[in-house]
Ligand SMILES: C[C@](O)(CO)[C@H](O)COP(=O)(O)OP(=O)(O)OC[C@H]1O[C@@H](n2ccc(N)nc2=O)[C@H](O)[C@@H]1O
Ligand SMILES: Nc1ncnc2c1ncn2[C@@H]1O[C@H](COP(=O)(O)OP(=O)(O)OP(=O)(O)O)[C@@H](O)[C@H]1O
């Protein structure tokens, strides 16, 4: 039996730079992983099975529609899976993708065949980056991955408990040919220098997502007004937003204040996993 952590993916930047003939968008995104996530428990079994537990279990499929179940099929290694669902679904922090990647890692740890980017891509554009779960520059549709060294970051994640469909957000994006990040990324000596630079970059899906879910604008305003905040932005196709703070303590204080004022929001303090 193995237990594999499935960390949330944060798109610190998300530049949409083009549109392919098959409708998939070309991206240039800086991605980090944090100490908040789901968990997969897996053990070898004659057939694949999945049970889902945890605070966000309700409504998550337990059959082949679940990306963890699909990942078990792709791995060629039948397992009995338990998914502890702690990340809100359809929230732009890659919950399903993280679960799929964690399932592929579980199969490998149990002795199954080696899983590659090509296997992961069959499960979704975000699954290859989740397979590594390291700070990465993601390009192409999610298939071109370059490792990046990032300073440790301390943040607060906020989801207003609104589910958003990724294709709908891409469909609302007006310009598909936005600027990429600089070809060579700077070296950042510390989190302040990094956050300063991050302010000059974007998430191009933030505006179309906020048109679909106006709650996103309310979350971003609350984060931007929180004490000691350095930067607030949306992750992925939303609706989860993150804000960066100088250290873990200031992030925890801001999270506590936000939770008091907005008891119905999902609010978590999160720190990036090591490079
Ligand atoms: C927006 C991101 O979260 C940024 O990390 C990801 O690119 C989305 O990754 P994902 O959820 O794994 O995406 P998939 O499950 O492969 O695709 C869902 C839908 O999102 C749109 N999609 C996704 C990725 C991409 N590069 N271009 C797209 O246009 C497509 O309409 C696709 O049908
Ligand atoms: N393991 C899973 N956890 C959550 N949702 C899943 C899972 N497998 C399949 N789904 C389905 O996938 C859809 C998207 O969920 P997911 O949580 O992966 O979205 P997301 O956080 O927006 O991901 P991304 O940031 O990659 O766009 C939901 O409609 C859900 O029903």
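One residue stands out among those in region 74-100 that are within 16 Å of ligand 1 (Cβ to nearest atom) and out of contact with any strand residue (DSSP E or B) (no Cβ under 8 Å at 6 or more places or on another chain): the one that is nearest to residue 266 (Cα to Cα), which is 89. The set of residues from region 113-133 being surrounded by fewer than 18 Cβ atoms within 10 Å (Cβ to Cβ) and in a loop (DSSP other than H, G, I, E, B) comprises 113, 114, 116, 122. As a summary of the residue check, residue 158 satisfies the conditions (1) touching a helix residue (DSSP H, G or I) at 6+ places or on another chain (Cβ under 7 Å); (2) under 15 Å from residue 13 (Cα atoms) except for the one numbered (2). Suppose the filter is more than 10 Å from ligand 2 (Cβ to nearest atom), in a loop (DSSP other than H, G, I, E, B) and either farther than 24 Å from residue 234 by Cβ or more than 19 Å from the chain's Cα centre (by Cα) (or both); does residue 46 pass it? Spelling it out, residue 46 is indeed more than 10 Å from ligand 2 (Cβ to nearest atom), in a loop (DSSP other than H, G, I, E, B) and either farther than 24 Å from residue 234 by Cβ or more than 19 Å from the chain's Cα centre (by Cα) (or both). Looking for whichever is closer than 14 Å to residue 164 by Cβ and surrounded by fewer than 24 Cβ atoms within 10 Å (Cβ to Cβ) here; the options are 207, 252. Which one fits? None of the others qualify; the one that does is 207. Which number in (1) assigned to a strand (DSSP E or B); (2) away from ligand 2 (no atom under 13 Å from the Cβ) marks the one condition that residue 22 misses? That leaves (1) as the condition not met.
Checking region 119-133 against the condition returns no match, with no residue being at pLDDT 95 or above, under 24 Å from residue 222 (Cβ atoms) and within 15 Å of ligand 1 (Cβ to nearest atom).
The values are calculated or read from the model by the stated rules, or taken from the named source; none is laboratory data. The shown structure was predicted, so the numbers you read here are calculated from the model rather than taken from an experiment. No Cβ is skipped: glycine too gets one built from the backbone with ideal geometry, and neighbour counts run over all protein chains shown.
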